[in-house]
Ligand code: ATP
Ligand code: FE
């Protein structure tokens, strides 16, 4: 079994080839970070164009690096949501074209399920049921994974995701945004004093597993203004005193942003154990999970609760094709796939795209537990 995975839900164009036994034969990611830095965010039309420009090349490179041609594939897996529909469309069109031409089954993938399940590729001991904290640019989810395709949402964000808060803070601190803001902020935070500014932890009074990062963003913005930090002056040109105060804000922000994750995970583990006493693992995945401080703090939470942490290597935490191919393999093995599309399918065909697509159902008892 050999599956090609294609991912275009946001700003990265990615493809990978993975074997049924989990062997990664190739992985290719083409990032739009330079566009993001220039325009300060993802503009759907521009992102669509960028995907369209590189998609053929990215897929071809994934096949070449795997030393395969499309005829050797067993199936094509592609992200169909959630994400920007203009962007999703580029990946789905490519996947269907390839699948139609080579008579291959096609598997539509949930982007956040893929972020979670890639942990099963790297940790073979990881069996259902398990818990997952999925932290990225657009999502902040606490999930109980019962079984393949069967998820309960214990918590989600009521406003922004943590990755968005990292990106905005990085921008306001004048960090180099030519890659995403998260890694640059993590680096600067190492120089700072995390106790220097006492930001308040979000949602202390809410005894549930939801998240909020909008208030913390506002606190950070106010701190930046009060210290007269000018984002127009890049950190590389800042005076040493200015650099020091930026680093202090970065470290203080990071401490509280992650403390919020820790507190919610603690409670979610308690909730999850009531439903599934046998859980042994907490998976932490999504772009922000590549952060070393985040990993260390969550490792502490997990150990305290006698669980094991499973955190994919950074390259598999941020958007990638491997997670899509692997999730495709998991579904394919359970007989969940669509037949090959017609080879002459028209470009205007209405694809099954799911730009808004919740992962699993909400934990209904959560509301009463929270009281
Ligand atoms: P989603 O998965 O919600 O659709 P996405 O696919 O755009 O969003 P990912 O690639 O999964 O996002 O994650 C990107 C996010 O992860 C960005 O917000 C980025 O700043 C953040 N990120 C990446 N590396 C780090 C890091 N080392 N520290 C903090 N944040 C990071
Ligand atoms: Fe993602």
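Cα-Cα pairs above 19 Å in the stretch 280-343: how many percent? Result for the distance tail: 49 percent. Would you work out if the stretch 169-270 is rounded, prolate or oblate? Take a ≥ b ≥ c from the square roots of the eigenvalues of the alpha-carbon gyration tensor; rounded if a/c is under 1.5, else prolate when a/b is larger than b/c, oblate otherwise. Here the stretch 169-270 falls in the prolate category. Measuring between their Cα centroids, the stretch 318-340 and the stretch 1-56 lie 16 Å from each other. Largest mean-square fluctuation among 107, 229, 80, in a Gaussian network model of the chain whose springs join Cα atoms under 10 Å apart, belongs to 229. Using DSSP, restrict attention to beta bridges with both residues in the chain and report what percent are antiparallel, rounded to the nearest 5. Within the chain, antiparallel bridges account for around 55 percent of the total. The separation of the stretch 138-172 from the stretch 82-101, counted between C-alpha centres, amounts to 24 Å. Shape descriptor for the stretch 226-331: Rg over Rh equals 1.11 (Cα atoms; Rh from the Kirkwood inverse mean 1/r). Pairwise Cα distances in the stretch 89-173 exceed 22 Å for 47 percent of all pairs.
Name the shape class, rounded, prolate or oblate, that the alpha-carbon gyration tensor gives for the stretch 43-155, where a ≥ b ≥ c are the square roots of its eigenvalues, rounded holds for a/c under 1.5, and otherwise prolate holds if a/b is larger than b/c and oblate otherwise. Verdict is oblate for the stretch 43-155.
The value obtained for the chain, namely the Cα convex hull volume divided by the number of residues, is 129 Å³ per residue. Here the contact order of the chain, divided by its residue count and restricted to Cα pairs under 8 Å and six or more residues apart, works out to 26 percent. Rounded to the nearest whole angstrom, the semi-axes of the ellipsoid equivalent to the stretch 74-122, taken from the Cα gyration tensor as √(5λ), stand at 20, 16, 6, largest first.
No lab work stands behind these numbers, since they all come straight from the coordinates. No experiment lies behind these values; they were computed from the predicted model shown.
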